[in-house]
Every structure is written in C-alpha cells, then in structure tokens.
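The values are calculated or read from the model by the stated rules, or taken from the named source; none is laboratory data. Only a predicted model underlies this, so the values are computations on that prediction, with no experimental measurement involved. Every residue, glycine among them, receives a Cβ derived from its backbone with ideal geometry; neighbour counts consider all protein chains shown.
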Amino acid sequence: MIADDWLRRNTINQGTVTPEGMDQAIERQQAEGGDLFDNLIAVRAATEPALLSLVAQALDTRYVSMQQLARLQVSESVLAMVPKEMAKEYVFLPASFDAASGVFVAVAPDQTADYVMVPLLEPHGVKEIRTYIGARRSVLAAIRKLYYGDFDAFDRVDTSSQDEYRQMMDMYGDNLLDAEQLTSPEPEPVADNQMAVFTGPELEQLSRQERSQSQVFSVDAWGDQGDWLRRYQETLKVLVNRIEMSMEWRQGHSAEAQRLVGLVGKRIGQSASAMDATAVAALLHECGKPRSVHFTLYGIVHDREQTGQAARVVEAPMRAMESALLPVVVKEILGCIHERFDGLGVPGKVSGRAIPLGARILAVVDEYLGLLYDPAHTAGTLLDRESALAELGRHVGTLYDASVVEILKQTVTGDSLRQEFLGNRASLLLVDSDPEELTGLELKLVAEGYTVLTARTSAQAARKVLGAVVDLIISETVLEPVDGFALCESLKKDRRTSKIPILFLSAHSDADSVNRGFSLGAKDYIVKPYAFELLLAKIQRTLETTPAESRPQARGVSGSLSEMSLPDIIQILSAGRKSGALKVIYPAGEGVIFFQDGKIVDAESSAGWGEEAVFALLAVAEGDFELDSRLRASKTTIARSTESLILEGLRRYDEAQAGR
C-alpha cells in the first residue's frame with residue numbers, strides 16, 4: 001500500500017481523517033504493527049472506501065471496494081495468466097483481459113507489481129496493464145477465494161474489517177448507498193413525499209446516522225474545523241439524493257447542480273472555501289420548496305404565478321435548515337439565487353456584482369439544468385445543450401451575469417468534447433436498479449474498452465440518453481418508475497432515440513417477457529444469470545450490425561477552437577493515447593497533426609511541416625477542428641515529446657506577442 005508518510009500528510013490535508021483519528025491509528029500501529037492504512041480502519045478513523053478513493057486519485061486510477069472484490073468473478077483462463085504463488089506474493093489479483101486491445105485489468109494495493117508482471121504477461125498478448133486499487137487485506141482475501149477456493153476468506157479478515165464488511169453488506173440489503181456512490185448522482189429510492197422538504201432536526205438525525213455508517217468522523221470531530229463544509233457535502237448529497245428520488249425529473253438534480261457549480265467556480269477562480277459554500281448551497285437550494293414547481297429566474301419573469309410565490313419560497317431552504325446552523329455565506333447564496341443581474345429580482349435588494357458570485361453561478365446552472373430536463377419549464381419545451389446555452393445568452397445583463405454564462409458554456413462544451421475525444425469503441429448505457437449488478441458489469445465493460453454510462457431508474461435512463469452519445473442501451477426490465485418495456489417503447493417512439501439498439505438483460509425468463517421484449521424492437525433478450533462472454537459477443541454483434549448513420553460516434557469529433565483550445569485538445573488526445581489525424585482549419589490556412597498512441601508523430605500546415613507546423617498551429621486561437629481516428633501518418637517526422645512541443649510552441653507564441 002502507499003507509504004505511511006504520504007497517508008499521514010494527505011489524509012489530514014484532504015479531511016479524510018481527523019488529527020485525533022490519525023494519532024489513534026499511529027498508536028495502534030506502534031503497538032501492534034501493520035500498515036497505517038489498515039490501522040486507520042481498525043480504529044474507525046476512516047473507512048476503506050474513503051482511503052481507497054484518496055489513493056486512487058493520487059495514482060490516477062480507479063479503486064475497488066471490499067464488497068466488490070467479494071463478488072468479483074474471474075474466468076479461469078485469466079487467473080491462469082498469473083500463477084497463484086506470484087499473485088499471493090505480490091498481492092496482485094487478475095480481473096479481466098481483452099485479447100483484442102491487449103488490456104489486462106488487475107487489482108492490487110498499489111502499482112509497484114506492474115513492472116514484475118510485464119515480462120510474465122507479454123507472451124499472452126498483454127500490451128497494457130491497468131491496475132485498480134484495493135486494500136491489501138481485501139485483495140489477499142479475494143486471492144484466497146478465487147485461487148484457493150476459500151469461500152470464507154472475507155469472513156476471516158480482522159475483526160474491524162469484518163464489522164465494516166458486514167455493515168456495508170447490510171447497507172446494500174437495506175437499499176442504502178455505499179461510500180463509492182457518495183459521488184454519484186444516482187440515489188436510492190425513498191418514500192414519496194408531497195413536498196421536497198426536510199427540517200433541520202430531521203437532517204441532524206439523518207446526518208448522525210450517515211456519519212455513523214461512514215465511520216470517517218465522529219459527531220464531535222466536526223466542530224470548528226475550517227474545511228468541514230467540504231466534508232459535509234457528501235452527507236448532504238446522500239440525504240438530498242434520497243429525497244429527490246421520488247421527484248420525477250429532479251432525481252439527482254441537486255447533485256448535478258453541485259457538480260456544475262464546482263466546475264464553473266474552478267474556471268472562474270473561486271477560492272476553495274467559496275466553492276465549498278456554493279456547492280452546499282447547490283445541494284440545498286430546493287429544500288423546503290414545493291415539488292410541483294421549479295423556481296428559476298426565467299420562470300419568475302415569465303410566469304406571474306411564480307413571480308408572486310418566489311418571495312415566499314426564497315427563504316424556504318434557510319427555514320428548513322434552521323436548526324442545522326448553516327454558515328452565513330451559504331445563507332447569502334441561497335437568499336440571492338432569485339436576484340436578477342439588473343436588480344429587478346427577488347427580493348430585489350442587490351444587483352450586478354453585488355450579488356454573491358456563488359448565487360450568480362447557481363442561478364445560471366439551475367436554469368440551464370431546468371431548460372434541459374424540466375418538462376414544465378416556462379420556456380415551453382425541453383432544449384438540447386446548444387439551445388439551452390443560447391437561451392441563457394439572450395438574457396445576459398438582465399437576468400444573468402454574462403461572464404458566468406460564458407464560463408458555463410465553455411465548461412459544458414469542453415466537458416462534452418472531452419468525453420467524445422476519450423470515447424472508446426462505443427458508448428453503452430447500462431440500466432439496472434441493482435447497484436451490485438450495475439457496478440460489476442460496468443467494471444467489466446470498461447475493461448473491455450467501452451465508454452459506460454449508468455442509470456438506476458428508467459427516468460434517469462431517459463434523461464441520460466438524451467444528454468449524451470449512446471450507441472447501445474442494455475436494460476433490465478424491472479425498473480422504476482416505469483419498467484424496462486415501457487422505457488423501450490418510449491425510446492422507440494422518439495425520433496431522437498428510435499435508432500439506438502436495445503438489449504434486455506433481465507431476471508424474467510418467462511416466454512411472455514421475452515416475446516414482449518422482441519415485439520417492442522429489442523435486438524436481443526438475455527436472461528440472468530448469464531455468461532459475460534455471451535453478453536460481450538451479443539454487444540459486439542449488435543454494434544457491428546447497426547447502420548453507421550445510427551451511431552453518433554461514427555461521425556467523429558469536431559468543434560470550434562473557441563470551445564476548446566488546441567493545447568487542451570492535444571493534451572487530452574495524448575493522455576488518452578489516441579491515434580488519428582487532428583485537422584485544423586483557421587482564417588490564414590489549415591493544417592493537420594497526426595497522433596499515434598497519444599504521441600504526435602507528424603504534422604503539416606500552411607507554415608511548414610514537422611515540429612514547425614505544430615508550433616504554428618499552437619498559435620491559432622480561432623478556427624475549427626475535426627478528429628478523424630481512421631487516418632494515420634505515412635511517415636514519422638517528430639521525435640520530441642508532446643509536452644515539450646506544447647511548451648516550446650507556447651514559448652514562441654509568448655515571445656512573438658511580446659515582440660509586437
């Protein structure tokens with residue numbers, strides 16, 4: 001596992017462990033030995049997933065929790081690629097292997113064993129090892145189970161781990177969220193309520209329960225620590241997500257608002273504390289308000305009924321959270337999200353830059369999400385991304401801050417382009433209410449090279465398929481609020497989604513269900529339990545037989561340099577190890593940069609060829625681009641690293657600007 005010194009420094013700095021908890025873990029380590037990682041869990045200073053998440057971020061990879069490892073199924077052929085003695089010695093668990101791409105996925109406490117495994121795995125056709133992070137004791141338990149047939153291995157993990165493991169399993173059984181899902185806008189079902197409201201005492205009661213379950217902080221440890229807002233966000237996200245689960249289109253709305261305000265705030269340059277306050281306000285901005293109406297600036301202006309109600313609902317989140325003692329900065333944001341930039345909003349006390357920046361960001365983000373997803377929005381119809389951004393642009397200076405709208409445009413456009421650039425062979429949408437099934441299948445398909453989106457309800461699936469590139473939908477039939485058959489029927493009737501192929505992956509094996517699936521236009525119907533290899537073959541066959549014009553990714557990735565700069569595009573393609581030709585058309589000419597496995601190997605432009613062509617193109621700020629992944633360079637003219645090319649190109653550009 002990662003070095004103890006690193007854990008001591010970063011877990012406290014990131015707020016994952018309190019100083020008191022760290023002292024207890026170090027005392028136990030000095031008395032009983034072992035890794036600091038395990039001792040932090042043993043003294044209840046942090047949960048395994050909380051620590052794994054931190055380590056995985058540092059190593060730029062994903063992590064696998066104990067409950068996922070306990071359920072992991074690995075084929076005998078993959079296990080045979082690493083002898084059990086080596087797997088145990090190096091704590092290195094094979095998970096999957098894609099012979100077509102040469103990608104081998106494993107789980108280990110760190111990535112130090114990779115170099116040992118390279119000569120062992122290369123004869124099998126392995127070109128790349130992707131190591132996901134797992135706790136040492138959990139990986140060893142999985143090795144004992146899968147290699148040695150020890151099915152009680154996880155029960156013999158030390159006592160503290162057994163308690164945590166059983167508690168996490170109980171959380172699954174009770175339909176609660178595990179620690180990995182705290183960052184996901186995919187909540188569990190909750191009881192239907194007439195109002196989207198919870199009071200301060202209810203929040204405090206639920207938050208104590210969640211904090212007790214997470215075991216990261218004791219109630220007394222929250223106190224006056226300066227970064228408590230950052231840590232408290234995750235508790236709020238769980239609670240709000242669970243409340244919104246019964247609210248039709250607003251399922252996951254506040255969590256998505258939190259994500260976007262964070263991205264916009266980071267681009268604008270908000271301080272860390274200001275970003276935390278805005279994020280908390282985003283999570284709470286719907287609390288206490290009627291579920292029947294989504295109050296936004298656009299609606300308040302265009303709907304008289306909303307105009308009259310706005311003054312009454314603007315204080316609702318503060319009243320609902322009264323006993324939770326929200327910081328003043330959060331209250332200021334919540335109290336000003338209906339203030340117009342021109343000063344004619346509600347309550348109409350401030351205008352322009354006097355409106356807190358967090359409130360200006362949240363107002364724009366909330367409106368944008370409403371235009372995308374609220375079927376009752378005052379605009380009259382759901383809009384796509386470009387139309388929603390254009391609608392916001394028509395009201396800058398009156399309703400919204402123009403700079404915030406522009407930053408949001410750059411943020412969502414860049415985010416979408418980044419996803420398209422990094423998309424693999426195809427984009428799959430998995431729909432299943434069972435978190436265990438969903439996570440396990442997602443892990444396997446990602447290892448196979450697919451871009452994977454997930455949804456836990458039919459409503460989430462309908463929203464995601466309209467907001468992203470989806471080549472194939474794999475859906476369970478047992479879903480809420482409508483079943484998978486109704487979802488399929490609805491998608492087939494919508495011209496925007498009618499050509500997307502659908503596979504049913506269902507626990508229902510009766511003839512009526514199977515026949516109904518095919519009659520609705522499904523490409524196939526697979527009954528659980530199933531062999532993953534069979535599903536993979538059906539996915540590949542379905543994609544191969546789907547007309548190219550029906551698959552959005554077949555058209556490539558294109559856009560404007562105003563949406564994403566050329567250095568950013570090059571870095572994304574380099575990090576994603578992409579191959580192809582990046583064409584750039586600009587007022588003074590055009591050019592092309594050839595990539596091979598993420599490295600620039602050749603370039604041509606109106607200014608020359610090779611490195612000089614790259615330097616010339618890096619100075620281009622206006623124009624259009626298009627990535628054609630089918631084209632390859634006929635020769636290699638560039639040996640310099642991508643990072644070096646970018647730095648040199650930007651240096652020359654700066655010198656040219658200074659010399660003017």
Is there a residue in region 27-42 that is within 14 Å of residue 138 (Cα to Cα), within 24 Å of the chain's Cα centre (by Cα) and crowded, with 16+ Cβ neighbours inside 10 Å?
no
For residue 57, work out the one condition from (1) in the same structural domain as residue 122 (by TED's automatic domain parsing); (2) under 29 Å from the mean Cα position of the chain (by Cα); (3) in contact (Cβ under 8 Å) with a residue 12 or more places away in the chain it doesn't fulfil.
(3)
Within region 30-74, the residues that are of a type in the set (S, T, N, Q) and closer than 17 Å to residue 10 by Cβ are 39, 47, 53, 57, 61
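Every residue, every condition in (1) closer than 30 Å to residue 283 by Cα; (2) modelled with pLDDT of 50 or more; (3) not in a strand (DSSP E or B), yes or no:
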position	(1), (2), (3)
121	no, yes, yes
144	no, yes, yes
160	no, no, yes
191	yes, no, yes
Tell me which residues, restricted to region 7-42, are touching a residue at least 60 places away in the same chain (Cβ under 8 Å), more than 21 Å from residue 67 (Cβ to Cβ) and β-branched (Val, Ile, Thr).
17, 18
Any chance you could count how many residues in region 336-356 are surrounded by 20 or more Cβ atoms within 10 Å (Cβ to Cβ) and out of contact with any helix residue (DSSP H, G or I) (no Cβ under 7 Å at 6 or more places or on another chain)?
1
Consider residue 437 carefully, then state whether it is surrounded by fewer than 21 Cβ atoms within 10 Å (Cβ to Cβ) and among the acidic types (Asp, Glu).
yes
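For every residue, the table says whether it meets (1) acidic (Asp, Glu); (2) at pLDDT 85 or above; (3) not assigned by TED's automatic domain parsing to the domain that holds residue 286.
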{"residue": "307", "(1), (2), (3)": "no, no, no"}
{"residue": "324", "(1), (2), (3)": "no, no, no"}
{"residue": "362", "(1), (2), (3)": "no, yes, no"}
{"residue": "368", "(1), (2), (3)": "no, yes, no"}
{"residue": "386", "(1), (2), (3)": "yes, no, no"}
{"residue": "392", "(1), (2), (3)": "no, yes, no"}
{"residue": "398", "(1), (2), (3)": "no, yes, no"}
Could you tell me which numbered condition residue 219 fails, if it satisfies all but one of (1) modelled with pLDDT under 80; (2) closer than 22 Å to residue 342 by Cα; (3) surrounded by fewer than 15 Cβ atoms within 10 Å (Cβ to Cβ)?
(2)
Checked against (1) modelled with pLDDT of 90 or more; (2) touching a Lys or Arg at 6+ places or on another chain (Cβ under 9 Å); (3) surrounded by fewer than 20 Cβ atoms within 10 Å (Cβ to Cβ), residue 591 satisfies every condition except (3)
Quick check: anything in region 551-562 touching a Gly at 6+ places or on another chain (Cβ under 8 Å), modelled with pLDDT of 85 or more and not in a loop (DSSP other than H, G, I, E, B)?
no
So residue 428 passes all but one of these: (1) surrounded by fewer than 19 Cβ atoms within 10 Å (Cβ to Cβ); (2) modelled with pLDDT of 85 or more; (3) within 25 Å of residue 129 (Cβ to Cβ). Which condition number does it fail?
(1)
Residue by residue through region 107-140, note down the ones that are β-branched (Val, Ile, Thr) and more than 30 Å from residue 42 (Cβ to Cβ).
118, 126, 129
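Listed here are the residues, each with its yes/no results for (1) part of a strand (DSSP E or B); (2) β-branched (Val, Ile, Thr); (3) modelled with pLDDT of 85 or more.
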position	(1), (2), (3)
333	no, yes, yes
353	no, no, yes
381	no, yes, no
404	no, yes, yes
414	no, no, no
Has region 486-494 got at least one residue that is on the phi < 0 side of the Ramachandran plot, out of contact with any helix residue (DSSP H, G or I) (no Cβ under 8 Å at 6 or more places or on another chain), modelled with pLDDT under 90 and outside any helix (DSSP H, G or I)?
yes
